[in-house]
Amino acid sequence: SNRLAHQALQEMGPHPAFARLQLSLSLADRRQLGRLQRLLSCLAHWCPPLADVTELPEVLYPWLLVFGADDLGAFEACATLLSNWTGRLFECHPHPPIAALGEAARLLRLAAPELHAHLLDIGVGPNLWGWPLLESLFCRVLPFGSWLALCDHLLTQEPSFVLLLLVGYVQCHGPAL
């Protein structure tokens, strides 16, 4: 609830990385677009490397919706999420996190050896089956209600739990792969 710090970040104005957000993101609600731009700008001013994470608008937009009109709450929740639960995923950004994906591949090999072997046989490594899901924090593949439930589980567990979610998702959708 550090309103003064949040206000100082807002007073810095739109971050150059998100100044033209409306051109890359099609949101019908201009108010929501403005709120998202302010949130992303505050986060980029707070932690400059976040300006280079192209998936950030897509990943954080649902969080903005969850917090309604509470911009400070949305900022603090997103900063907490990014700091504590996804830090490992963006340590090599813009490249996929090799260590985390290697761990996910190891977990998949233990949980579903046939699926793991099949993916290897067709030349599909964790950077193809895992990274798109992780970089979007599953928001591209789950309906909003399911995504909220996933985030509830994610936030109540250790940060490495996201790798278990990834392996579980890939296992459930193995026949499609």
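The values are calculated or read from the model by the stated rules, or taken from the named source; none is laboratory data. Everything numeric here is computed off the predicted structure, so don't read it as measured data. In this analysis, Cβ positions are derived from the backbone assuming ideal geometry, glycine residues included, and neighbour counts consider all displayed protein chains. Heads up: the accessible areas ignore ligands, DNA and RNA and are worked out on the full protein's heavy atoms, side chains in. Shrake-Rupley method; radii C 1.70, N 1.55, O 1.52, S 1.80 Å.
Observations on the model:
- Degrees, to the nearest 10: 30-46 long Cα axis against longest axis of the chain: 80
- When P(r) over Cα pairs in 10 Å bins from 0, in percent is calculated for this entry, the matching label among (1) 9, 35, 36, 16, 3, 0; (2) 9, 36, 33, 16, 5, 0; (3) 9, 23, 17, 14, 12, 11, 7, 3, 2, 1, 1, 0 is (2).
- C-alpha long axis of helix 98-111 to longest principal axis of the chain, angle in °: 40
- Structure remark: mean-square fluctuation, Gaussian network model of the chain, C-alpha springs under 10 Å; the largest value among Ser146, Ser136, Ser26 belongs to Ser26.
- With protein chains left intact and a 1.4 Å probe, residues in region 44-177 average 49 Å² of accessible area per residue.
- Using Cβ point charges alone (K and R +1, D and E -1), the dipole size of the chain about the Cα centre works out to roughly 300 debye.
- With the highest mean first, a sort of the peptides 38-45, 7-14 on other beta-carbon atoms found within 10 angstrom per residue produces 38-45, 7-14.
- Largest to smallest in accessible area, the residues His118, His15, His95 fall in the order His95, His118, His15 (1.4 Å probe, all protein chains included).
- Estimated vicinal HN-Hα couplings, Hz - region 68-84 in sequence order (Karplus 6.51, -1.76, 1.60; Gly, Pro = x): x, 7, 7, 5, 5, x, 5, 4, 5, 5, 5, 4, 5, 4, 5, 6, 9
- At most 16 other Cβ within 10 Å, DSSP loop - GluC sites (Glu not before Pro), region 74-162: Glu91
- Ordering Pro14, Trp85, Leu56 by Cα displacement along the dipole of region 2-93 toward the positive end leaves Pro14 in first place; charges were set at the Cβ atoms of Lys, Arg (+1) and Asp, Glu (-1).
- Gyration tensor verdict on region 1-52 (Cα atoms; rounded if a/c is under 1.5, prolate if a/b is larger than b/c, oblate otherwise): oblate
- Estimated purely from DSSP H runs of n ≥ 4, each contributing -39500 (n - 2.57), the mean residue ellipticity at 222 nm for the chain is -17500 deg cm²/dmol once divided by its residues.
- For region 1-127, with all protein chains in place and a probe radius of 1.4 Å, 57% of the accessible heavy-atom surface sits on carbon or sulfur.
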